[in-house]
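First up is the structure itself, then whatever we jot down about it.
No lab work stands behind these numbers, since they all come straight from the coordinates. Every value quoted in this text rests on a predicted model; they were computed, and no experiment measured them. All Cβ positions, glycine included, derive from the backbone under ideal geometry; neighbour counts span all protein chains shown.
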Amino acid sequence: MEHIRNHRSVYAYAALFLVLVFAVAMPVGLAWAEDAPAGAATEYRDIPGMGSRNLIWIVAQQHLLLAGFVLGVPIFAWVCEIVGVRTGDQRYDKLAKEFTKLLTSSYATTALFGGILLFLLIGLYPKLMNYLSDVFFPSFLVYCALFLLETATLYLYWYGWDSMQGSKKGLHLFLGFLLNVFAFFIMIVPNSWATFQASPVVIAEGSMWARAWAATWNPTWWPVNIHRLIANVVLGGYICGAYAGLKYLMAQNAEERVHYDWMGYVGNFIGVFGLLPLPFAGYWLMREIYQYNQQMGITLMGGFLSWLFILQAMLIGILFVGSNYYFWLGIMHRIPGSEARYRRPILAMLVILLVCLGVWMTPHSLVASLEEARKMGGTHHPLLGVFGVMSAKMTVSNLMILVTFMSFIMYWRAGKEETARWAKVAKAGQGVLLGIAVVVVVVLGVWGYFVPAITRINYFSTTQVLVVLFVLLTVTPLTGLLMKSARTTTEMVWGVMPGRAGYVLVLNAVMVILLMTLMGYARSSSRVHWHVYGVMQDTSQYAYSPALGYAAAIMALNTFLFCLLVAFIFWVASMGGEKKGGPTDTAHTKAKDAASPAVGSAPAASTGHQ
Amino acid sequence: MAGERSFIAILIKRLLLGGFAAVVLLILTRFVFHFPPVFQAMFVLYAGLGTVTFILLDAPAVSPFGGVKALVALVVFYAVLAGTFIAGANFLPQYDPMVEKGKIDKIVKPKLAATDKGKMDALLKRSVELNAQSQAIMKRLEALGGADKLKAAEGDKGGGGDAPKAAAGDLIGLGKEQYDLQECYNCHKIGGKGSVKKRGPTMDNIGNLMKPEEMKEKITNPRSWMAEGFEKEYNKKQMPDKYKELMTDQEIDVLVAYLASLKDASVETPKPIKK
């Protein structure tokens, strides 16, 4: 019977495989060239019904999201491994290993989608690919070489995990470092192709290497590199959180709940810490776009794409509220006795976040009826219009970052009492620093209305960003020092979070993925009807930008498909683990009683915040 | 039971608080600030979001789902999120792709027509039209009496084609259109509108400073002229040299006609220097 069942499952998998192959091959097989006269090169091919652009959109987005995941996870894993080594807490090492295990299958899936994308681009957009190959061929070679190095390092890193423990741990950490270095270069090389399309530069005559280098070093290359690097960390963190959230919801026993509760916390923590500097990187990118081409900046922020940024504000706002809510839930449930103490500050922070969200979501110009416009005295409302400009948006985004940072600090300190002699001075100093930062951010934000745009962009906004970064970079290590010697007054209890904590973690991950798909649409649409802005026009039937509502439906589809792919990768990766004793095999906990919620020891609780 | 009772008390208290905030916001936005309805609704929604978040902080845990139920709950959860996202995107004012399509037609179609492919397409289209016309004429002639009359008809026609239509365009208007389409305003100001960052000179009085042929020379070869005070920009080759390839002669001519019409001496316009 067992034999027959095995055969049946083989047939089922074979049938599923064939269906998948058919689903992928059918539209490609149906592709035809747009009628080209004899002797003339084909410029475009189309997919009937679906449209070549939609197919490229979906495949490219899947590849990009997977790439973000594949590049984010090694950073996540390596940081966890370092924390594990530094603190001696084996949970971090096991968490790092659990996520590195995902890399082998996700790496292959990413490469698979990269290959599909390449073939589709060559087939559907030959004119563009011919041009890009002509400019970038040398970097294609570099990319291949980097792939070889990355693959070899990944194999060594993963398969050498157990054998490189103890005295060889340093070597393993070095391999993790190399893995991330190669991954970074793998990311920035294709970034140069995409950013060149948006901000091409005059390509000097010379060798093919000189031409490729000139095209690579275009104005938006580094802003996109940094933005994507941080975004990948955020994606890796939140996906780890979502995975932990799901596993927490499905946990069968207390031990699993403890482990996945803790894992969810770590994922959310890394996601939030990546999220905090992300708006700064986004701001830098927009600034470079404006400096490169004012029209492109206007198209994005003040033209037909401007409403997209209201949608972005909604997603970011919910992500901030979701991330903070998870911290607050942690305070209320993991630290007994904290409920009453922190409710008021939580309410105050929630109100600030919502007010900031309200300002961020206010557009500059309004689409109002004639009667409403008359009543307001124009399309710009005297009050709402004030909130619609960049000065207000920069101010509230900085305030939201500070509030989220406060939530984290509050969570870190909950249930502990500082014992250091300088604790009072340090706490007062932190309070003063935060207060000054808030005042500076608000004052510069208001002052920004009364100075020329160029002064605001170059000096005021930059100062706001630097002040907030300064707070983040000084308060965090100071609190870390304080917590090192702190006395635990209330033990942190893991595994007692309500089920909605798991859903919040899923919500955060979905918001991040939707945001990435939205920004992909923004970057592509900002080029309007150009393949390479100002150089090569898109003369296909899909040269126009789709409307926001239609685009949102494709984004939601892309997000869903990506979640399915990630679930598949997690499932495949978990197969090996189950044989050895299931997921709980790795679920090392410090639970004193497996049947009851685990109470984290003081070092474990404190290291959880580092 | 006691926990449930206390949560009900919390729920009522926070709902009242949230409801109060929503009503206050509605009154303020509607009657004091006269916000448009969409913002009145938004502010009420913010109050709702805050209330729900604050209530959920203390809500008791529900028993977890398992198996298929868990899967369904998750898919429903995603469907709600995606549905809200798509509805939100559709609720916002929609950009009309037809606007961009119109612009593309204006820019791309003449370029396409100028290529070999475009010329062949046009010839094919024309031959199909002529074929259809000749067939229609043949049918009509057959109905009238046959081939003799056809020859007579051909003789009458005298081999003349369609008379060229008079080009009655507003040259300056067409030039202004080219100025916008080529996005010259990115680097140049006219009437105070255009470039914020210093890239290229103001154009308001350029008609008094340059002859049309000099303007054409500058457009097709940016290295041929430099604006006074723009040495740095000139040396950095800020002005692209793509217009010779990108624009047809006719398009450059109408653009020059438009620029030549700019003669507002009250606006300081940098003096062109021949290089």
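Compute the separation of the alpha-carbon centres of the stretch A:83-109 and the stretch B:221-275 and state it in Å as a whole number.
One Cα centre to the other: 59 Å.
What's the exposure ranking of A:ILE226, A:ILE75, going from fewest to most Cβ atoms within 10 Å?
Going from sparsest to densest Cβ surroundings: A:ILE226, A:ILE75.
What distance in nm lies between label points placed 7 Å from Cα along the C-beta direction at A:TRP217 and A:THR463?
In this crude spin-label approximation the distance works out to 3.3 nm.
For the stretch A:248-275 and the stretch A:520-559, what is the separation of their Cα centres, given in Å?
Measuring centre to centre over Cα atoms gives 37 Å.
³J(HN,Hα) across the stretch A:500-517 via Karplus (A = 6.51, B = -1.76, C = 1.60, θ = phi - 60°), whole Hz, x for Gly/Pro?
Once θ is set to phi - 60°, the couplings for the stretch A:500-517 become 5, 4, x, 5, 5, 5, 5, 4, 4, 5, 4, 4, 5, 5, 4, 4, 5, 5 Hz.
How high is the relative contact order of the stretch B:2-91, in percent, counting Cα pairs under 8 Å that sit 6 or more residues apart? It would help to have the intermediate numbers written out before the result.
Details: 41 pairs, mean separation 27.5, N = 90.
Result for the stretch B:2-91 is 31 percent.
Take B:LYS244 and B:LEU11, extend 7 Å from each Cα along the Cα→Cβ direction, and tell me the distance between the two endpoints in nm.
Placing both labels 7 Å beyond Cα along the Cβ direction yields 7.7 nm.
Just to check, using Stokes-Einstein with a Kirkwood Rh over alpha carbon pairs, what's the diffusion coefficient of the stretch B:2-91 at 4 °C and 1.567 mPa s in µm²/s?
Numbers: Rh = 15.7 Å.
In µm²/s, the coefficient rounds to 83.
For B:LEU26 and B:SER134, what does the FRET efficiency come to when R0 = 51 Å and r is the distance between their Cβ atoms, rounded to the nearest 0.05? List each step's numbers first, then the result.
Numbers: r = 72 Å, r/R0 = 1.41.
So, using R0 = 51 Å, E works out to roughly 0.10.
Which one, B:ASN221, B:THR248, B:ILE273, projects farthest toward the positive side of the charge dipole computed for the stretch B:171-274 from Cβ point charges (K/R +1, D/E -1)?
Working it through, the farthest residue towards the positive pole turns out to be B:ILE273.
Obtain the nm distance between the two label points defined at B:LYS275 and A:LYS427 by a simple spin-label model: each point lies 7 Å from its Cα along the Cα-to-C-beta direction.
6.6
Where does the Debye-calculated log10 I(q)/I(0) of the stretch A:229-277 sit at q = 0.30, 0.32 Å⁻¹, using only Cα point scatterers of equal weight, no solvent?
For the stretch A:229-277 at q = 0.30, 0.32 Å⁻¹, log10 I(q)/I(0) is -0.94, -1.01.
Could you work out the per residue convex hull volume over the alpha carbons of the stretch B:171-274, in cubic angstrom?
On the way: hull volume 9.2 nm³, N = 104.
For the stretch B:171-274, the hull spanned by Cα atoms encloses 88 Å³ per residue.
Using a ≥ b ≥ c from the Cα gyration tensor of the stretch A:203-294 (square roots of the eigenvalues), is it rounded, prolate or oblate, where a/c under 1.5 gives rounded and otherwise the larger of a/b and b/c decides, a/b for prolate? Working shown, then result.
On the way: a/c = 5.72, a/b = 2.79, b/c = 2.05.
Judged from the Cα gyration tensor, the stretch A:203-294 comes out prolate (a/c at least 1.5, a/b above b/c).
Give me the three principal axis extents of the stretch A:389-439 from the C-alpha atoms, as integers in angstrom, largest value leading.
For the stretch A:389-439, the Cα extents along the three principal axes come out at 46, 20, 7 Å.
Would you pull out the residues with amide H under 5 Å of A:MET536's amide H, same chain only if 5 or more places away, H placed 1.01 Å from N?
Long-range HN contacts for A:MET536: A:HIS531.
What does the charge add up to near B:THR269, with Lys and Arg as +1, Asp and Glu as -1, over the other residues with Cβ less than 11 Å from its Cβ?
On the way: positive: B:LYS189, B:LYS263, B:LYS271; negative: B:ASP204, B:GLU228, B:ASP264, B:GLU268.
Net of charged neighbours comes to -1.
Give the distance, in whole Å, between the Cα centre of the stretch A:389-424 and the Cα centre of the stretch A:172-216.
Between the Cα centre of the stretch A:389-424 and that of the stretch A:172-216, the gap is 37 Å.
Order these by the 10 Å Cβ neighbour count, fewest first: A:SER323, B:SER266, A:SER192.
On the way: A:SER323 26, B:SER266 6, A:SER192 23.
Ascending number of Cβ neighbours within 10 Å: B:SER266, A:SER192, A:SER323.
For B:MET98 and A:GLU339, FRET efficiency with R0 = 56 Å and r from the beta-carbon atoms, rounded to 0.05? Kindly include the intermediate steps, with their values, before the conclusion.
On the way: r = 56 Å, r/R0 = 1.00.
Plugging the Cβ-Cβ distance into 1/(1 + (r/R0)^6) gives 0.50.
Once the Cβ-Cβ distance between A:GLN291 and A:LEU173 is put in as r, and R0 is 45 Å, what FRET efficiency do you end up with, to the nearest 0.05?
Numbers: r = 40 Å, r/R0 = 0.88.
Calculated transfer efficiency: 0.70.
Under Stokes-Einstein, with the Kirkwood radius over Cα pairs standing in for Rh, what whole-number D in µm²/s applies to the stretch A:79-164 at 25 °C and 0.890 mPa s?
Estimated diffusion coefficient is 157 µm²/s.
Would you mind calculating the gained length between B:LEU71 and B:LEU45 on full extension (0.36 nm times residue separation, minus the Cα-Cα distance), in nm to one decimal? Numbers along the way, then the final one.
Details: separation 26, 0.36 × 26 = 9.36 nm, distance 2.93 nm.
Taking B:LEU71 through B:LEU45 to full extension adds about 6.4 nm, to one decimal.
Report, by chain and number, residues whose modeled amide H sits under 5 Å from the one on B:ALA227, excluding near sequence neighbours (fewer than 5 apart, same chain).
Result for B:ALA227 returns B:ILE273.
May I ask you to derive the relative contact order of the stretch B:171-274, considering only C-alpha pairs under 8 Å and at least 6 residues apart, and to give it as an integer percent?
This gives 43 percent for the stretch B:171-274.
Counting other beta carbons within 10 Å of each Cβ, put A:PHE76, A:PHE136 in order, fewest first.
Working: A:PHE76 26, A:PHE136 22.
Final ranking by Cβ density, sparse to dense: A:PHE136, A:PHE76.
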